[in-house]
Every structure is written in structure tokens, then in C-alpha cells.
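Have a look at the structure below, then the notes.
The values are calculated or read from the model by the stated rules, or taken from the named source; none is laboratory data. For clarity, every value in this text was computed on a predicted model and none was experimentally measured. Note that we place each Cβ from the backbone using ideal geometry, even for glycine, and neighbour counts take in every protein chain shown. Surface accessibility is based on the protein's heavy atoms, side chains included, excluding ligands, DNA and RNA. Shrake-Rupley method; radii C 1.70, N 1.55, O 1.52, S 1.80 Å.
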Amino acid sequence: MSTPVVASPTGFDLPTAQKRAILSMVCLGFGALFIGIINGLGQALNYASVDILQYFPGMRDYYQGLTVHGVVNAIVFTFAFANGFLALTTSRALARPLNATWLWVVFGLMVAGTLLAGYAMATGQASVLYTFYPPLMAHWSFYLGLALLVVSTWVTTALIFIALRSWRKENQGERIPLLAFISAATYLMWTVASVGIAISVVGLLLPWSLGLIESSDPLLSRTLFWYSGHPIVYFWLLPAYVSWYVMVPRHAGGTLFSDSLTRVVFVMFILLSIPTGFHHQYTDPGIGTGMKALHGALTFGVFFPSMVTAFTVLYALEIGGRRRGGTGLANWFLKLDWKNPALVAQVLAMLTFTLGGITGLINASYNLNQAIHNTAWVPGHFHMTVGSAVTMSFMGIAYWLIPYLTGRQLVGRGMAVLQSWIYFAGVLVMARGLISGGIDGMPRRTNMLEAAYSKPSWELAGMLTGLGGTLMFVGGMLFFAVFAATLFFGKKTDEPMDLPLTTTHHPPKTRGWEVKLDRFRYWLVAMLILIAVAYGPFLVQYLPAAFESPPYQFY
Ligand code: HAS
Ligand code: CU1
């Protein structure tokens, strides 16, 4: 026996005005990805000593290209998709519309933020990479643009929690529908996490770029950046997890294992995502080794909910495969519906994420990190996480989401399946190049065409990186072909559509400790205590000495 994860599985459809706003956000996100993927090809080929960036209009140098690649992919694409997708899941799960005007405000903030940051990047006045560490200085419009993009996520948080509050008033004593709980948990985590970047951008960098304050502080800004910068990876990942828990089992014909376990996983992300940022700063001077070790240990803690996710999703897939006639130890895997692009993209995303996760554990190990920090290994790791697990999941979601939002049937199912395989093969080949090169000391964030010190043994790694990146580019472009064809030429259908929602074997309990899981207030307090423990000692010690570095502009 299994029970639906959303209490009212049918009978609620989003009003058209909301669908339009959400569709606009999703299109903005994928539009950003389009630009990002083109720049990505330039980056990957640079490792293979092929310079195509020189042919890009307005492109001055390697760092400008790398900044555009990082910002539009890691910030604009992910934020726009998350804002639209999780607004939709919350609204659907609570069976109540969100305010359409405010959804347009979210969209407007993102467009304004993208244009402002885009102007600075396109004119070569913000070649500071997506981490924008001072003393590298960008044009003020870059920082303002980033600030607006962050504010767009805060407005989404407000929309989600206002809807949740009014739902609770009307449904006192009832459990929050799982889909709404995990969507809200994602935004709660990110809202607290984004405060670091907000303080750094609005409090330190924007006034500094406007000449209102004279100096900056590299270590303080780096620390504030990574306070947000580790949890941001879960802000990218958790919308994919929402789909892996609640939608992928449905695509696979399986069942979600447990409602409570899913909530526990998201609560662990609320608690443990933030107090781990120093694992990006193991080599930074000025932070005590004890605190770095604490962040390292907590990183092993936040590894755990992803392990639970792996087994839970595997369970759902296995049930689906066996229901389709699969037998034996592994044959069920072959029996999955390999013709459904929404499923194929996301299962392949999971397979790469298994490798992405393992490489993350190596990064997190204080001593092993010394071997790979600032090498090509790191982009190897993150292309198997954000560059594939997240991106391919969002592509997989788009295969049902665009038909749902537009009322048009998907065009090119076969091409959509093929695109996933090409992208998957590409990311594995590219990551093989980056990972092996990284172990051999091949640097990241370096124009290889001008690296006089490059070693002959980096040649193969560089070529694999270029080849894999080219395959990813081809897979990406095929995705955009399917996306655009569906949007403009998909056959209109009047059939009522719903989100693909699964059922669960262990439904939510109405009594016992599990009920307390829904109290976001508890988790917020516990989260703030952990943050104070992890960051308090550093800030108390360091703040009095801050602010000494003059700006450095290399454009
Ligand atoms: Fe990371 C650096 C540690 C996850 C992204 N990471 C980065 C950077 C990015 C990034 C962008 O500790 C570079 C930042 C920069 O520019 O400098 N990362 C981790 C750890 C995890 C992790 C411990 N990272 C992510 C995710 C990302 C992401 C997720 C994006 C979405 N990362 C680090 C560290 C660094 C770092 C250090 C700093 C490195 C340095 O020195 O600069 C963990 O959360 C990973 C947990 C994942 C798992 C995998 C679970 C697998 C699942 C799939 C199941 C598969 C199925 C199918 C069901 C435990 C859920 C299987 C089917 C079969 C038949 C087998
Ligand atoms: Cu991290």
C-alpha cells in the first residue's frame, strides 16, 4: 500500500497568470544557461590549447569569459529555475495560488539583476570571476546586479512562507504536505545562508566600488562569500532533490520510501549546510586550524543526507524497474523506461552525482584538500555536481514542466533522450580530464594558452577536457533545440495536466515525534546556534583588524 505525497493529488491547477510568470523565470534561467554553455565551450577548449574566445564579440580575455560562464550558469540559471520551480511546487502542494504580481516582481528583479551584472561583464569591467574576491574590483553595477538576484530569492521565500502560514491557519493540526515542506526548507536554508553574500556585496563591495569606502578586506569578504558559497551548492542541488524524491519515482513507476525520512534529510540540510564554509578556505591564513577542522567534520555531517538520498532514490528506481518486469540483482535497472527523457536525464544526473559526491568527500578531507585545491580537480568535481547532476535534472524537469506550463506537447522526445546521453558522456570525459590533470598539478582558473610552465603530461588531460566539453556543448544545444521547438511549435493540447507526483510507502505520521519535524522555528534556532559556534570565534577575533586592502583592477 502506498499513499499520495500530496493530499489533494488532483483538482488544483495553477492560474494562467502564475504559469506565465513561472514560465518567464524558467525561460530566463535556460536563456542564461545558453550563454553559459557557449562560454563553457571556450573554457573547455582552452584546456586543449584551442582559443575560440577570441572570436566571441566583445570578449577581451580569458577571465572575462570565465566570469560570464560562472555567473550566468551558477547564479542566474540556478536562481531563476529555483525561484520558478519551487514557487510552483509550493503552490501546487498547498493547492493555493501565490500572488501573481509578486511572482512578476521576482522575475523583474532577476531581469534587472542580470542586465546590470551583464553590462559590467560584457564591457569587461567585471572580470573578477564568480567568486569576486577583493581586492579585485568590479564596476558597481556588477555588485548591484548580484544583490538584486539575491533579493529575488528572498521575495520567493516570503511568497512561500506567506502561503504556508495561511495554509496552516486553515488546516490546523495537519501535517504540511511533503512537497511544500521540502520546498520551504530549501528556501529557509538559503535565506539564512545568503545573508553572508548580501553583507559582503551591499555592505563592503558596492560602497567600495562606488568610492564611498576606501579599502576592502580580502579575508573577511572571502569568509562571508564562503559562508554563503557552500550552502549555495545545496540551493542549486535541493530543487533537483525535490524532483528526485517526489517526481522521479513517478517517472520510474516506483514509490518514495518514507515521508518522514525525506523531511529528516531536508532538516539536516537546514542545520548543516552553512557551518561548513571553511572547507573552501583550508589554505587561507588567518583562520585557526581548529575551526577549519570543525568545518571539515561538519562537512562530513552534511554528506550524510545525500547518502540517504542515494539509497532512497535507488529504492524508488528499483521498485519501478521490478514493476516493469525487471529481475535479479541489476536487470531491473535496464527495465526502467529509457524512452522517457524526464527520467533518463535525471537518472544519468544521479550517476554522475555519485562521482561528484565522492570527489566532494576528498575535497572535504583537510589533508587531501592540500593536493587538489586550486587545481583542475575542483572544476572536475563541480561539473559532476552543479554542471551535470543539477543541470541535467533541471533539463529533465523541463521536459514535463514546459508542456505543463504552456499546454503544448513535448517536441522531439527521441532527441531529448539522445541529448541526455551526449551530455552525460561529455561530462564524464571532461571530468576525467580535469580530475586526472588536477592530481598532476594542472591549475584551475588559468589561461593555459599562456601558461609557460605547462607540463607535457597535462596534454592528454587537456584534450579530454576539450573533447568532453565539446560533447557537453552539443548535448546542451540539442536540449535548447527541443526546448525552443516545444515552446513555439509544440502541439496545443486541452488535456488537463498535473505535476508528476509520487506516492509513499510510509506516509506522514499524525502522532509522535515526526509531527515536530514540521516546526521550522526549531530548526531555525538550532541552525543559528550552529552558525554562531562555527563562525563566532573567527569573527570576534578578526573583525577588529579588518579593512586594509586597496583595490586592484586589471582591466
Ligand atoms: Fe562541492 C568545491 C565538498 C557537493 C559544487 N563544490 C566545490 C565548488 C563547487 C562545488 C562549485 O570540502 C568550487 C567552488 C570554487 O569555485 O572554489 N561538495 C563537497 C561535499 C559535497 C559537495 C562534501 N559541491 C557539491 C554539490 C555542488 C558542489 C552538490 C553543486 C551542486 N566542494 C567540497 C569542497 C570544496 C568543494 C571541500 C572545496 C574544494 C577546494 O579546495 O577548492 C557533498 O555534499 C556531496 C554529497 C554527495 C553524495 C552523492 C550521493 C549520490 C546520489 C545519487 C544517487 C544515485 C542513484 C543512481 C540513485 C554523497 C544522491 C545510482 C544508480 C545505480 C545503478 C548505481
Ligand atoms: Cu563547499
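Once both labels are positioned 7 Å from their Cα atoms along Cα-to-Cβ, the gap between Leu329 and Tyr119 label points is 6.2 nm.
Is segment 15-542 rounded, prolate or oblate when judged by the Cα gyration tensor, a ≥ b ≥ c being the square roots of its eigenvalues, rounded requiring a/c under 1.5 and prolate requiring a/b larger than b/c? Rounded, since a/c falls under 1.5. The region of the chain that goes longest without hitting one of the GluC sites (Glu not before Pro) in a DSSP loop, each with at most 16 other Cβ atoms within 10 Å, is 215-547. Membrane-span-like helices in the chain: DSSP H runs reaching 24 Å or more (Cα, own axis), mean Kyte hydropathy at least -0.5? Qualifying helices: 16-47, 100-122, 140-170, 178-198, 218-246, 289-323, 341-364, 413-439, 458-489, 520-542. Projecting the Cα atoms of Ala48, Ala21, Asn73 onto the charge dipole of segment 1-113 (Cβ charges, centred on the Cα centre) puts Ala21 farthest toward the positive pole. Working from Cα pairs under 8 Å separated by at least six residues, relative contact order for segment 385-529 is 35 percent.
Counting only the heavy atoms of the protein chains, how much of Arg445 is accessible to a 1.4 Å probe, in Å² to the nearest 10? In the full protein context, Arg445 sits at about 50 Å². Accessible surface for the chain, divided over its residues, is 39 Å² per residue with a 1.4 Å probe.
Here the chain is assigned +1 on the Cβ of each Lys and Arg and -1 on the Cβ of each Asp and Glu. Its dipole about the Cα centre then comes out at about 1440 debye.
Computed on the Cα trace of segment 66-146, the radius of gyration divided by the Kirkwood hydrodynamic radius gives Rg/Rh = 1.10. Summed over qualifying helices (DSSP H, 4 residues or more, each -39500 (n - 2.57)) and divided by its residue number, the chain shows a 222 nm mean residue ellipticity of -22000 deg cm²/dmol. Based on Cα contacts under 8 Å between residues 6+ apart, the chain shows a relative contact order of 21 percent.
Cα gyration tensor of segment 485-538, axes a ≥ b ≥ c as square roots of the eigenvalues: rounded (a/c below 1.5), prolate (a/b > b/c) or oblate? Oblate is the answer for segment 485-538, as a/c is 1.5 or above yet b/c matches or exceeds a/b. Given their separation in residues at 0.36 nm each and the Cα-Cα distance between them, Ser457 and Val202 gain 87.4 nm when the chain is fully extended. Here is the P(r) of segment 103-191: all C-alpha pair distances, binned every 10 Å from 0, give 16, 34, 25, 16, 8, 1 in whole percents.
Among the chymotrypsin sites (Phe, Trp or Tyr not before Pro) in segment 133-165, none is located in a DSSP loop while being surrounded by at most 13 other Cβ atoms within 10 Å of its own Cβ.
Ignoring ligands, DNA and RNA, what percent of the accessible area of the chain is carbon or sulfur (1.4 Å)? Percent of accessible area from carbon and sulfur atoms in the chain: 68.
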